[in-house]
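The values are calculated or read from the model by the stated rules, or taken from the named source; none is laboratory data. What you are looking at is a predicted structure, and each value in this text was computed from that prediction instead of being measured. Cβ atoms come from the backbone with ideal geometry, glycine included; neighbour counts cover every protein chain shown.
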Amino acid sequence: MAHWTIGPGDWCHIELLTGDRDRAKRFYGSVFGWEMEDIPGADYTMVRTSEDGIEGGIGGLAQAIGLRPAVANGIVPYIRPEDFDKVLAAVVASGGEVLIPKTDVMGYGWFAHFRDPDGNVIGLWDDAAEGASTQAENR
């Protein structure tokens, strides 16, 4: 775990979307030596680049829980919101579009995707409270 704190509005996760997760794991593991851990029951791999690196993943959170992804491949950076509903409302009010609303990710936390006015797809991510099930509560 990193030695710094991620707060609301900070970049918190980077996701590499790919059509071939195993190929991407081999490539990035070989090139950069990343540590990887497959998430049981999901087509998703957590990536640890270093002790102080931003956490990441290979595969899409949307696909991992059976949703249609906002984009097929590329990079989706994630920002930690202070309040999901408030941020998503601000996205729409400021000319953006919500592509995937706040969605539970198998009890690990919540995510959402939006498109900014320039067409960039950005994610929101918030961890579940330790020991809490996101399916049991709705933050």
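Return the only residue of E55, E35 being modelled with pLDDT under 90 and surrounded by fewer than 19 Cβ atoms within 10 Å (Cβ to Cβ). Step by step, each of E55, E35 is checked, and only E55 is modelled with pLDDT under 90 and surrounded by fewer than 19 Cβ atoms within 10 Å (Cβ to Cβ). Restricting V76, V87 to residues that are touching a Gly at 6+ places or on another chain (Cβ under 6 Å) and under 14 Å from L124 (Cα atoms) narrows the list to V76. When restricted to residues that are farther than 13 Å from H13 by Cβ and either within 12 Å of the chain's Cα centre (by Cα) or of a type in the set (K, R) (or both), the stretch 101-113 contains 3. Taking every residue in the stretch 82-111 that is on the phi > 0 side of the Ramachandran plot and surrounded by 12 or more Cβ atoms within 10 Å (Cβ to Cβ) and pairing it with any residue that is part of a loop (DSSP other than H, G, I, E, B) and among the hydrophobic types (A, V, I, L, M, F, W, C), at least 6 positions away or on another chain, the pairs with Cβ-Cβ distances below 7 Å are M106/A42; M106/I65; G109/A128.
Please go through the stretch 49-60 and give me each residue that is within 14 Å of the chain's Cα centre (by Cα) and over 14 Å from T18 (Cβ atoms), ordered by number. I54, E55 - these are the residues of the stretch 49-60 that are within 14 Å of the chain's Cα centre (by Cα) and over 14 Å from T18 (Cβ atoms).
Among the residues of the stretch 40-51, those identified as within 16 Å of G107 (Cβ to Cβ) and crowded, with 16+ Cβ neighbours inside 10 Å are A42, Y44, M46.
One residue stands out in the stretch 118-131 among those that are out of contact with any Asp or Glu (no Cβ under 9 Å at 6 or more places or on another chain) and not in a strand (DSSP E or B): the one that is surrounded by the most Cβ atoms within 10 Å (Cβ to Cβ), namely N120.
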